[in-house]
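Single-structure report; data block below.
The values are calculated or read from the model by the stated rules, or taken from the named source; none is laboratory data. On a predicted model such as this, the values are computed, not experimentally measured, just so you know. FYI the Cβ positions are ideal-geometry reconstructions off the backbone, even for glycines, and counts take in every protein chain you see. Surface accessibility is based on the protein's heavy atoms, side chains included, excluding ligands, DNA and RNA. Shrake-Rupley method; radii C 1.70, N 1.55, O 1.52, S 1.80 Å.
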Amino acid sequence: MKVTILGSGTSTGVPMVGCNCRGCSSDDPRDKRTRASLLVQHQGRNILIDASTDLRFQALREGIGRIDAVLFTHSHADHVNGIDDLRGFHFLHKEIIPCFGSRTTLDTLLTGFRYIFHEHDGSGYTPLLQPQEVDAPFELFGLTVIPVPLQHGRTTALGFRIGDFAYLTDCSGIDPSSMALLEGLELLVVDGLRWNPHPYHFNIEEAIAATAPLKPARTVLTHLTHDVLFAEGAGLPPGYEFACDGMTFHIHNACSAAGGNYA
Ligand SMILES: [Zn+2]
Ligand SMILES: [Zn+2]
Ligand SMILES: [Zn+2]
């Protein structure tokens, strides 16, 4: 199973419009960050996690030829506003793309993007996307996908575990029941945002403190703001690093028994 970080940036992207700070004006290409999303590839199937505002650019950059399913973490704009760009994949392969998410997330998508789902709208167009509510582990193309409920400020988001890989973007807390789903990870990609605290996101220090008990083999901090320089990752504790756009990983164990812990 291959994992590609399509976007490693916070909601504004980096550079942020109008800003000339040291992060936004950095010459290091690893400090150019599109909005957070990720691609999982396994046995010829492409699973997208979130349709970021930058989806079109990300898909062109990475040469993504098809999307077979989308997992939505939550409905904040930076994670869903690229949904319109999924139409191109549907036009080519003519298949309805299943979209998985919590009831709350799907309700927001169906309200804001009804024209893509064409649910009972009488338009005569066929649906391009099919909403599928998830609240427990489910099978997808031979993989077991485990939704991991996360605190995201005063809201909730879903992380996803697939085999020994987990993606926890946009979180400010992980309850014990969710921690139990995250043992034995080969790779953890987790929200780290910035150096200073934020009510809706782990900052770097909090992300490290929250995930250290899990002892993942490798932990990558993502959803980064312009306050963070990629090169500063050299000062992180062993096993921790910053994400950058286009980073890829090969996950050796795509099958996981951790779903047995699901409460
Ligand atoms: Zn976000
Ligand atoms: Zn800036
Ligand atoms: Zn969010």
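Our summary gives region 79-187 a relative contact order of 18 percent, counting only alpha carbon pairs under 8 angstrom and 6 or more residues apart.
For the pair residue 115 and residue 229, what calculated FRET efficiency results from E = 1/(1 + (r/R0)^6), where r is the Cβ-Cβ distance and R0 = 45 Å, to the nearest 0.05? FRET efficiency, residue 229 to residue 115: 0.65.
If the Kirkwood radius is taken over C-alpha pairs of the chain, then at 37 °C and 0.692 mPa s the Stokes-Einstein diffusion coefficient equals 178 µm²/s.
Taking every DSSP bridge with both residues inside region 134-222, close to 65 percent are antiparallel. When the Cα gyration tensor is reduced to axis lengths a ≥ b ≥ c, the ratio a/c is 1.5 or higher for region 1-85, and with a/b above b/c it is classed as prolate.
For region 150-209, the set of trypsin sites (Lys or Arg not before Pro) satisfying both a DSSP loop assignment and a count of at most 10 other C-beta atoms within 10 Å is given as 154. Each residue, residue 91 and residue 177, gets one label point 7 Å from its Cα in the Cβ direction; the gap between the two is 4.3 nm. Loop-resident chymotrypsin sites (Phe, Trp or Tyr not before Pro) (DSSP state other than H, G, I, E or B) in region 181-232 with no more than 15 further Cβ atoms inside 10 Å of their Cβ: 195. Region 1-40 and region 166-222 have Cα centres spaced 19 Å apart.
For region 20-101, the set of chymotrypsin sites (Phe, Trp or Tyr not before Pro) satisfying both a DSSP loop assignment and a count of at most 15 other C-beta atoms within 10 Å is empty. When the chain is modelled as a GNM with alpha-carbon springs shorter than 10 Å, which of 215, 32, 94 fluctuates the most? Top of the fluctuation ranking is 94. Counting only DSSP beta bridges whose two residues both lie in region 1-145, roughly 55 percent are antiparallel.
All other residues whose Cβ lies under 15 angstrom from that of residue 163 are scored, Lys and Arg at +1 and Asp and Glu at -1, for a net of 0. Based on DSSP H segments of at least four residues, each scored -39500 (n - 2.57), the chain has a per-residue ellipticity at 222 nm of -4000 deg cm²/dmol. Here the chain carries DSSP beta bridges of which approximately 55% are antiparallel, counting only pairs with both residues inside. Rounded to the nearest 0.05, what FRET efficiency do residue 21 and residue 209 have when you use their Cβ-Cβ distance and R0 = 41 Å? Efficiency for this residue pair is about 0.95. A simple packing score, the average count of other Cβ atoms within 10 Å per residue, orders the peptides 60-70, 232-242 as 60-70, 232-242, with the highest score first. Rounded, prolate or oblate for region 90-145? Axes are the square roots of the Cα gyration tensor eigenvalues, ordered a ≥ b ≥ c, and the cut-off for rounded is a/c under 1.5. Cα axes put region 90-145 in the oblate bin.
Can you bin region 164-263 into rounded, prolate or oblate? Criterion: square roots of the alpha carbon gyration tensor eigenvalues sorted a ≥ b ≥ c, rounded for a/c under 1.5, prolate for a/b above b/c, oblate for the rest. The shape class here is oblate. Apolar share of the accessible surface for region 122-263: 54 percent from carbon plus sulfur atoms, 1.4 Å probe.
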